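The values are calculated or read from the model by the stated rules, or taken from the named source; none is laboratory data. Remember, predicted model here, so these are calculated numbers, not experimental data. A quick note on method: Cβ atoms are made from the backbone with ideal geometry, for glycine too, and the neighbour counts reach across all protein chains shown. Areas reflect the complete protein model, heavy atoms only, side chains present, ligands, DNA and RNA absent. Shrake-Rupley method; radii C 1.70, N 1.55, O 1.52, S 1.80 Å.
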Amino acid sequence: QVVYTVQSICRRGVIMTFKTGFVFAAAVSLLLASITVAAAARPPNFVLFLADDMGFGDVGCFGHPTILTPSIDALAHSGMKFTQFYSAYPICTPSRSGLLTARLPVRNGIYSNASVPLDMIFRVFLPNALGGLPAKETTIPQVLKTAGYNSALIGKWHLGHVDCLPTQRGFDEFYGLPYAQDEGCPPKCPFPPWPGVPLYDNMTIIEQPVDLSTLTPRYNQKAFEFIDKNKDNPFFLMMSYDEVHVPLFASNAYLNKEFKAS
């Protein structure tokens, strides 16, 4: 399921929010059309949110009676809300390949020879995987780079981690996890041969295992820094939070606290 909202923001920016899996040829057309329209002025900035395992009914603007999502609701109310959509696939890796290339996973190389239900397992890249998004595929940041954009992916990548990190597929900056946080997560890894999930800063592992209880605030801070650094340059920022994908962790500000509508 997907929620897709567009809203003008400061300096002619556009915010787009997706839920897992969206074949986004229409979105790419929107990006390029916006750049063309703004050619005589400053190009718009783009911020794209991708949320794993978040159902369309989990947000207030789609009618959830108790979960509070005021910021997402504000985007929907002041921008555009679409209620019909397509998904490249209902799991992490192929949904991302479809999103970033505007091609079906079977065309961009993210598929397996297994049949359902094993297919659901082998179509995600595990820590011991050697494959990744083929280098011949064209991604959003590569297209936007030709128009002078700087780009960053903050959050989960899950499109390969052997010679296939985001900075090797078009992004200028990467701060996040190479795969899902349940694939070797602390405190006890369910698969002993796998090390704890690493946190990357571009091409360097800076923490392993990653402290998932502080990860979301760190993602936010990195996003603020990237936006501030590019205040005079057009940018594309992809925020791919690990939550609400399990396992769920909370920072001290939210731990053991309940926030819901009355």
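When Ser71 is tested against (1) part of a loop (DSSP other than H, G, I, E, B); (2) of a type outside the set (Val, Ile, Thr); (3) closer than 17 Å to Leu237 by Cβ; (4) out of contact with any Ser or Thr (no Cβ under 8 Å at 6 or more places or on another chain), just one condition goes unmet, and that condition is (1). In the set (1) at pLDDT below 85; (2) β-branched (Val, Ile, Thr); (3) under 30 Å from Val116 (Cα atoms); (4) surrounded by fewer than 17 Cβ atoms within 10 Å (Cβ to Cβ), Ile9 fails one condition alone, (3). Just one of the numbered conditions (1) of a type outside the set (Ser, Thr, Tyr); (2) free of Cβ contacts under 8 Å to residues at least 12 places away in the same chain; (3) touching a Gly at 6+ places or on another chain (Cβ under 9 Å) is not true of Lys222: (2).
Select from the range 135-154 the residues that are touching a strand residue (DSSP E or B) at 6+ places or on another chain (Cβ under 8 Å) and either in a helix (DSSP H, G or I) or of a type in the set (Phe, Trp, Tyr) (or both) and write down the one among them that is nearest to Thr167 (Cα to Cα). Before the answer, list the steps.
The initial filter retains those residues of the range 135-154 that are touching a strand residue (DSSP E or B) at 6+ places or on another chain (Cβ under 8 Å), namely 140-141, 144-145, 149-154.
Okay, now just the ones that are also either in a helix (DSSP H, G or I) or of a type in the set (Phe, Trp, Tyr) (or both), so 140-141, 144-145, 149.
Numbers: Ile140: 13, Pro141: 10, Leu144: 14, Lys145: 12, Tyr149: 14 Å.
Filtering the range 135-154 for residues that are touching a strand residue (DSSP E or B) at 6+ places or on another chain (Cβ under 8 Å) and either in a helix (DSSP H, G or I) or of a type in the set (Phe, Trp, Tyr) (or both), the one nearest to Thr167 (Cα to Cα) comes out as Pro141.
Of everything in the range 131-174, what is of a type outside the set (Lys, Arg) and touching a His at 6+ places or on another chain (Cβ under 9 Å)? Give them in sequence order. Give the steps one after another, and end with the answer.
Keep residues of the range 131-174 that are of a type outside the set (Lys, Arg), which gives 131-135, 137-144, 146-155, 157-168, 170-174.
Of everything in the range 131-174, just one residue is of a type outside the set (Lys, Arg) and touching a His at 6+ places or on another chain (Cβ under 9 Å), namely Gly132.
Limited to the range 115-134, what total is found for residues that are assigned to a loop (DSSP other than H, G, I, E, B), open to solvent by 10 Å² or more (accessible area, probe 1.4 Å) and in contact (Cβ under 8 Å) with a residue 24 or more places away in the chain? Of the residues in the range 115-134, 11 are assigned to a loop (DSSP other than H, G, I, E, B), open to solvent by 10 Å² or more (accessible area, probe 1.4 Å) and in contact (Cβ under 8 Å) with a residue 24 or more places away in the chain.
To keep it simple, each residue is scored yes or no on (1) at pLDDT 95 or above; (2) under 23 Å from Leu133 (Cβ atoms); (3) not aliphatic (A, V, I, L, M).
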position: Gly155; (1), (2), (3): yes, yes, yes
position: Phe174; (1), (2), (3): yes, yes, yes
position: Tyr179; (1), (2), (3): no, yes, yes
position: Met203; (1), (2), (3): yes, yes, no
position: Ser213; (1), (2), (3): no, no, yes
position: Gln221; (1), (2), (3): yes, no, yes
position: Phe226; (1), (2), (3): yes, yes, yes
position: Asp232; (1), (2), (3): no, no, yes
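Does Phe46 satisfy being among the aromatic types (Phe, Trp, Tyr) and without any contact (Cβ under 8 Å) to a residue 60 or more places away in the chain? Spell out how you get there, then give the answer.
Working: among the aromatic types (Phe, Trp, Tyr): yes; without any contact (Cβ under 8 Å) to a residue 60 or more places away in the chain: no.
No; evaluated as a whole, the condition is false for this residue.
Taking the stated definitions as given, is Tyr111 of a type outside the set (S, T, N, Q) and farther than 24 Å from Glu183 by Cα? No. Restricting attention to the range 86-114, the residues that are open to solvent by less than 10 Å² (accessible area, probe 1.4 Å) and in contact with a Phe, Trp or Tyr (Cβ under 9 Å, 6 or more places away or on another chain) total 10.
Any idea how many residues of the range 76-114 are polar (S, T, N, Q), touching a Leu at 6+ places or on another chain (Cβ under 9 Å) and assigned to a loop (DSSP other than H, G, I, E, B)? Step through it out loud before you land on a result.
First pass over the range 76-114, keeping only residues polar (S, T, N, Q): 78, 83-84, 87, 93, 95, 97, 101, 108, 112-113.
Within this subset, residues satisfying the condition of being touching a Leu at 6+ places or on another chain (Cβ under 9 Å) are 93, 95, 97, 101, 108, 112.
Remaining after also requiring assigned to a loop (DSSP other than H, G, I, E, B): 112.
Qualifying residue count, the range 76-114: 1.
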